[in-house]
Ligand SMILES: Cc1ncc(COP(=O)(O)O)c(C=O)c1O
């Protein structure tokens, strides 16, 4: 849609991004495993650094990294010798999921909104994983008080039924009838389920609940981090949290943080599974323990999860 509307080809995307497994979406994703396997992907994609505070591409982290990041991108788009022709779109996840649970700072998102708006670049905010109340707002971009141009939604919006939605500014829809068709578009049962899901989430203020129980879970994770030195970083937003598992004895990186410890992350995952708790590993080198509990989880259930996490951590 962004290419059709703007007549431009290039798309800006971010390191660590995950947007899917089609040829198009893999081309704008970070993970090299599946990309290498395919060989040729779509051209006209420029990957940019994402503000990863703990593994900062600029080696600084903090507020300074946000400034450097925005400056880099703005300079790239202003430089007549950047080598990159004017892009049609910039796509990002407000909280990177598969990349390792990395929440974009609000100020960075606001900066990108300004930069894209000034240059007529469509800002596509992928809310497929972080959207629908998970981070404490219906959509994660709302924390930064910005409005994107295009927003793909999926996963939670179907309430368990297969539903994917693209929300966009009306003026971007210059597609002719039939220009973007598909057999399984507009499944009525899934749309009814999606409508009911949105109604339920609003009526029961599930986003507020996610924020509140998410803080409870985060405080447990921070205690776990204080007790076990091999948890390098606790991060995320609302009920989308992660812990990066590190090797305390390894050579620190430029920021002074120890390297990841994938084997220990797997041990921890197994120890939790043996105690009845299913955890996903993700992020770089599969060393980030991911916590994505159901949005309706209760305080008591969060505390129960925490007892398992402590018991598993003590056992490995
Ligand atoms: C942020 C994000 N974008 C896109 C996708 C891809 O969605 P689908 O699997 O429906 O193609 C995913 C799936 O995990 C995702 O997490």
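For (1) closer than 30 Å to residue 306 by Cα; (2) at pLDDT below 95, each residue gets a yes or a no:
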position	(1), (2)
143	yes, no
146	no, no
152	no, no
164	no, no
181	no, yes
191	no, no
task = Check whether at least one residue in segment 155-164 is surrounded by 12 or more Cβ atoms within 10 Å (Cβ to Cβ), under 30 Å from residue 119 (Cβ atoms) and more than 16 Å from the ligand (Cβ to nearest atom), and report yes or no.
result = no
request  = Working only within segment 27-39, note down all residues that are touching a residue at least 60 places away in the same chain (Cβ under 8 Å) and more than 15 Å from the ligand (Cβ to nearest atom).
outcome  = none
task = Take segment 90-128 and flag every residue that is more than 14 Å from the chain's Cα centre (by Cα) and either assigned to a loop (DSSP other than H, G, I, E, B) or within 16 Å of the ligand (Cβ to nearest atom) (or both).
result = 90, 120, 121, 123
Residues being within 16 Å of residue 110 (Cα to Cα), assigned to a loop (DSSP other than H, G, I, E, B) and out of contact with any helix residue (DSSP H, G or I) (no Cβ under 7 Å at 6 or more places or on another chain) - total across segment 50-66 = 1
note = Here the residues within segment 294-316 that are crowded, with 18+ Cβ neighbours inside 10 Å and not in a helix (DSSP H, G or I) are 295, 297
query = Tell me, which residue of segment 1-26 that is more than 13 Å from the ligand (Cβ to nearest atom) and in a helix (DSSP H, G or I) is nearest to residue 94 (Cα to Cα)?
reply = 2
inquiry  = Suppose the filter is touching a strand residue (DSSP E or B) at 6+ places or on another chain (Cβ under 6 Å) and over 30 Å from residue 171 (Cβ atoms); does residue 59 pass it?
reply    = no
note = Matching residues in segment 129-147 (within 13 Å of the ligand (Cβ to nearest atom), surrounded by fewer than 24 Cβ atoms within 10 Å (Cβ to Cβ) and part of a helix (DSSP H, G or I)) number 0
key: Single residue of segment 232-251 satisfying the filter (in contact with a helix residue (DSSP H, G or I) (Cβ under 9 Å, 6 or more places away or on another chain) and either without any contact (Cβ under 8 Å) to a residue 40 or more places away in the chain or not assigned by TED's automatic domain parsing to the domain that holds residue 300 (or both)) that is farthest from residue 309 (Cα to Cα)   = 247
message = Considering only segment 66-89, I want to know if a residue exists there that is within 16 Å of the ligand (Cβ to nearest atom), surrounded by 20 or more Cβ atoms within 10 Å (Cβ to Cβ) and under 19 Å from the mean Cα position of the chain (by Cα).
response = yes
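The values are calculated or read from the model by the stated rules, or taken from the named source; none is laboratory data. Here the structure is a predicted model, which is why all the values come from computation and not from measurement. Using ideal geometry, Cβ is built from the backbone for each residue, glycine included, and neighbour counts are taken over all protein chains shown.
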